[in-house]
1. Output the residue which, of all residues in the stretch 29-44 that are touching a helix residue (DSSP H, G or I) at 6+ places or on another chain (Cβ under 7 Å) and more than 11 Å from residue 88 (Cα to Cα), is nearest to the ligand (Cβ to nearest atom).
2. How many residues are closer than 19 Å to residue 78 by Cα and without any contact (Cβ under 8 Å) to a residue 12 or more places away in the chain when one looks only at the stretch 5-37?
3. Scan (1) surrounded by 15 or more Cβ atoms within 10 Å (Cβ to Cβ); (2) more than 15 Å from the chain's Cα centre (by Cα); (3) closer than 26 Å to residue 203 by Cβ for the single condition residue 105 breaks and write down its number.
4. What are the pairs, 6+ residues apart or on separate chains, where a residue within the stretch 38-49 that is more than 11 Å from residue 136 (Cβ to Cβ) has its Cβ under 6 Å from a residue that is near the ligand (Cβ under 10 Å from one of its atoms) and at pLDDT below 95?
5. Filter the stretch 28-43 down to residues that are closer than 21 Å to residue 208 by Cβ, in contact with a strand residue (DSSP E or B) (Cβ under 8 Å, 6 or more places away or on another chain) and assigned to a helix (DSSP H, G or I), then give me how many there are.
6. How many residues does the stretch 176-208 hold that are touching a helix residue (DSSP H, G or I) at 6+ places or on another chain (Cβ under 7 Å) and under 13 Å from residue 125 (Cβ atoms)?
7. Out of 98, 87, 124, report the one residue that is in contact with a strand residue (DSSP E or B) (Cβ under 7 Å, 6 or more places away or on another chain) and touching a residue at least 40 places away in the same chain (Cβ under 8 Å).
8. So, in the stretch 201-222, of the ones that are in contact with a strand residue (DSSP E or B) (Cβ under 6 Å, 6 or more places away or on another chain) and not in a loop (DSSP other than H, G, I, E, B), which residue ends up farthest from residue 99 (Cα to Cα)?
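The values are calculated or read from the model by the stated rules, or taken from the named source; none is laboratory data. Predicted model only: the values in this text are computed from it and were never measured. Cβ atoms come from the backbone with ideal geometry, glycine included; neighbour counts cover every protein chain shown.
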Ligand code: AMP
């Protein structure tokens, strides 16, 4: 039996938990976790031309130009690991990117099957993002108050030194939220119009939110 690829988009403001939940969904449904933020941070860390170009936008909390992100995405989408489908995390970020994604998937005889919208109010996001710490070595994410590592500043999973993302400082967070409301939130009606949008409250524990996402996936595929 040939199973069709499954492509899922996680939408939501910065700090809604898209990265954490996208990783879990990708593992549960055997999808490629495709995070444009992680890919860009990797380009910056490796000092590539793309990374150097992207860095100034990222530092300010602005969107990296569509063309740069699109090229990066295209390569990943055509890789063998993406053949069974993807959990898109942080892409698309505006209507132009959503249209590009539709086109790229159509070339592969695929489409955005489900859009999971993690809804978290702005007040909760600031506290989440300022307390977020991550491990550059293995990608694990912690929070100083709600999900602290066993030893302060040290990754439970690999022993790496935890860092605060440079764009998780308060003034940059405010800009990222502004960009989200202006550029990204119109995507809610874009996907709602085609019946693909499923809204899930993102305010519970990681396990609770994951369970709600699984329910939304089940009801969409029924
Ligand atoms: P994220 O990890 O998804 O919060 O992304 C961190 C930063 O990377 C964003 O604030 C943007 O500067 C950049 N970025 C990530 N994904 C995109 C995208 N799809 N389009 C443009 N910029 C992006």
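1. Residue satisfying both the conditions and the ranking: 40.
2. Going through the stretch 5-37 one residue at a time, the tally reaches 0.
3. Single failed check for residue 105: (3).
4. Between residues of the stretch 38-49 that are more than 11 Å from residue 136 (Cβ to Cβ) and residues that are near the ligand (Cβ under 10 Å from one of its atoms) and at pLDDT below 95, the close pairs are 39/72.
5. Total satisfying the criteria: 1.
6. Number of matching residues: 4.
7. 87
8. Keep residues of the stretch 201-222 that are in contact with a strand residue (DSSP E or B) (Cβ under 6 Å, 6 or more places away or on another chain), which gives 201-202, 212-213, 216, 220.
Among the residues that remain, those that are also not in a loop (DSSP other than H, G, I, E, B) are: 201, 212-213, 216, 220.
Working: 201: 26, 212: 28, 213: 24, 216: 24, 220: 22 Å.
In this case the residue turns out to be 212.
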